[in-house]
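First the structure, in the form of structure tokens, and then the observations on it.
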Amino acid sequence: MTNLNIDRLTLKLSGLSQDQGHHLAQLITEGLANSEISSYSARDAPSLKLNITAQPNANVDRLANQIISEVLRQINSTLA
């Protein structure tokens, strides 16, 4: 099992209520905690920056899945 430590996750969101923002952060946290990293490396991954554009009135669950997928994609390509 590979450990993943995230020092800081910053989300710049518009169009979501505070409750939706909290729910999104919780979903991202749970999704990353339950994901596997396919590549293992003892070195630290650099900072990652994601730009994800959600559709108007986007479902928070779907947005969380997009963010999780992109974070894992970048981590796995960095550690490969």
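Residue-by-condition table, conditions (1) at pLDDT below 75; (2) of a type in the set (K, R):
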{"site": "L11", "(1), (2)": "no, no"}
{"site": "S14", "(1), (2)": "no, no"}
{"site": "D19", "(1), (2)": "no, no"}
{"site": "H23", "(1), (2)": "no, no"}
{"site": "G31", "(1), (2)": "no, no"}
{"site": "S35", "(1), (2)": "no, no"}
{"site": "D44", "(1), (2)": "yes, no"}
{"site": "K49", "(1), (2)": "no, yes"}
{"site": "D61", "(1), (2)": "no, no"}
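Can you run down the residue pairs with Cβ atoms below 7 Å, 6 or more apart or on separate chains, where the first is in the stretch 59-80 and of a type outside the set (A, V, I, L, M, F, W, C) and the partner is exposed (fewer than 14 other Cβ atoms within 10 Å of the Cβ) and not in a helix (DSSP H, G or I)?
Correct list of pairs: Q66/I52; E70/L50; E70/I52; Q74/L48; N76/S38; N76/S39; T78/P46.
The values are calculated or read from the model by the stated rules, or taken from the named source; none is laboratory data. Note that the structure is a prediction, hence the values are computed from the model and not measured. FYI the Cβ positions are ideal-geometry reconstructions off the backbone, even for glycines, and counts take in every protein chain you see.
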